[in-house]
Amino acid sequence: MFERRSSLSALQLGVAALLLSLAFATPAYAQRDGVISGRVTDVDGSPLAGAMVSVYSPDRGDTRSLTADEGGNFMGRGFRTDVYVITISADGYQPVQQELKVDFGQNTVDASLVAAVAPSNVSYDDINALYQAGFDAYERQDWAATAEAMAPLLEAVDGLEGEEADVMRASAMEALGRAQFETGELDAAIATYEGLLEDDPDSLAGHHWKAQAHARQQDFPSALPHARRAAELAPNDMAMQYNAAVILLQTDDVEGGIAALERAVEINPEFPLGRKQLGYAYLRLGAQDQSYYAKAIEQLRAYIEQSPDADDRAEVEGMIGALEAQIQG
């Protein structure tokens, strides 16, 4: 009896041990029950067949790779509950990367990839080289070299999307337009700045330099709205106020020009050119109201004080004398 009872106990212990091992095995299996799935497309929503999905575990240092099917779909099973770094890439597209906390069951990560090269198939290294060469030339004010780099750069980034591409495109158009302006290619500069303003209607550089290009062509009506907008966008920029004033005066908006000049000298009281222009603007209103002659004298005297060695000092002093005589007479 004793031996039989001992044998039954051994059998019971064996079964108990097996059950115990299974009990412990079940959670270990469940920890790998995470599923990672998703879909990879381009920015237009077309599936990217063959896209690679890399699932990296920073804790363990291991990586699993998944591949998207013809519909751009991918799926992998048996992932531990953990935080993974997911990198999704495809030939000709910029890779995207994000962290994903994987829990039991389904875990979805979709991606929309942006083209990594422009339609011209210029590589990013080539694009960066053009960008650097263009701005090195821009800083040297080598306008021919600036245009030589920026024109092909704009062609290369045509079709690229994303914040970095947008900034690069805007910067390239600003630099190219300036180079065209400085080399006298005014129609080309105007076209370049029109493109910049289509992308960014509130581009200060676009409005300012487009106004300057029109003004150099003596087309002041076309320059005026851009000069005004530049002054609105930069209310504390003395140069923008002054440039707007000059164009306003050219279109016979004397009061508007005076307001802009007053703003310019308010921003910087030590602005002799602004003082002189303001003095002559007041002079234009003096024919209707002689009280403006006193204001003109005040500004012209300030100009002389701030520019004692000015080439036109004698002319300005003569104008002051004539105005004083007009007031006294």
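The values are calculated or read from the model by the stated rules, or taken from the named source; none is laboratory data. Being a predicted model, the structure only gives us computed values, none of them experimental. FYI the Cβ positions are ideal-geometry reconstructions off the backbone, even for glycines, and counts take in every protein chain you see.
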Would you mind stating whether GLU174 is among the charged types (D, E, K, R), at pLDDT below 90 and either under 16 Å from the mean Cα position of the chain (by Cα) or over 30 Å from ASP44 (Cβ atoms) (or both)? no
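Yes/no per residue for (1) part of a loop (DSSP other than H, G, I, E, B); (2) within 24 Å of GLN106 (Cα to Cα); (3) modelled with pLDDT under 75:
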residue	(1), (2), (3)
SER7	no, no, yes
LEU11	no, no, yes
LEU22	no, no, yes
PRO27	no, yes, yes
ARG32	yes, yes, yes
ALA49	yes, yes, no
ASP59	yes, yes, no
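Scanning the range 279-329 for residues that are among the small types (Gly, Ala, Ser) and surrounded by 17 or more Cβ atoms within 10 Å (Cβ to Cβ), which turns out farthest from LEU249 (Cα to Cα)?
Taking the candidates together, the pick is ALA302.
So that you can scan it fast, the table gives a plain yes or no per residue for (1) closer than 23 Å to LEU224 by Cβ; (2) free of Cβ contacts under 8 Å to residues at least 60 places away in the same chain; (3) of a type outside the set (A, V, I, L, M):
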| site | (1), (2), (3) |
| --- | --- |
| LEU249 | yes, yes, no |
| LEU261 | yes, yes, no |
| ASN268 | no, yes, yes |
| GLY279 | yes, yes, yes |
| LEU300 | no, yes, no |
Specify the residue that is modelled with the lowest pLDDT; the eligible residues are those in the range 108-127 that are touching a Leu at 6+ places or on another chain (Cβ under 7 Å) and outside any loop (DSSP other than H, G, I, E, B). ALA115
Exclusive hit being within 27 Å of MET238 (Cα to Cα), in a helix (DSSP H, G or I) and among the charged types (D, E, K, R), set GLU155, GLU194, GLU164, GLU148: GLU194
Against the definition (assigned by TED's automatic domain parsing to the domain that holds ASP42 and under 30 Å from GLY71 (Cβ atoms)), how does LEU100 come out, yes or no? yes
Taking LEU261 as the residue in question, decide whether it is farther than 17 Å from ALA205 by Cβ and in contact with an Asp or Glu (Cβ under 9 Å, 6 or more places away or on another chain). no
If only one of ARG77, ARG140 is in the same structural domain as ARG178 (by TED's automatic domain parsing) and farther than 21 Å from LEU196 by Cβ, which one is it? ARG140
Every residue in the range 98-107 that is at pLDDT below 85 and within 16 Å of VAL40 (Cα to Cα), please. none
With the first residue restricted to the range 166-180 and required to be in contact (Cβ under 8 Å) with a residue 12 or more places away in the chain, and the second required to be charged (D, E, K, R) and buried (at least 24 other Cβ atoms within 10 Å of the Cβ), Cβ contacts under 9 Å at 6 or more apart or on different chains are GLY177/LYS210
Take LEU130 and tell me if it is in contact with a helix residue (DSSP H, G or I) (Cβ under 8 Å, 6 or more places away or on another chain) and modelled with pLDDT under 90. yes
Please determine, by comparing only the residues of the range 87-106 that are in a loop (DSSP other than H, G, I, E, B) and touching a residue at least 60 places away in the same chain (Cβ under 8 Å), which one is nearest to GLY162 (Cα to Cα). GLN94
For the range 269-315, how many residues meet the condition of being within 20 Å of ILE327 (Cα to Cα), assigned to a loop (DSSP other than H, G, I, E, B) and among the aliphatic types (A, V, I, L, M)? 1
Checking the conditions here, which among GLY177, GLY206 is part of a helix (DSSP H, G or I) and closer than 19 Å to ALA231 by Cα? GLY206
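Would you pick out the residues in the range 158-189 that are of a type in the set (Val, Ile, Thr) and either touching a Phe, Trp or Tyr at 6+ places or on another chain (Cβ under 9 Å) or over 19 Å from ASP199 (Cα atoms) (or both)?
Selection gives THR183 alone.
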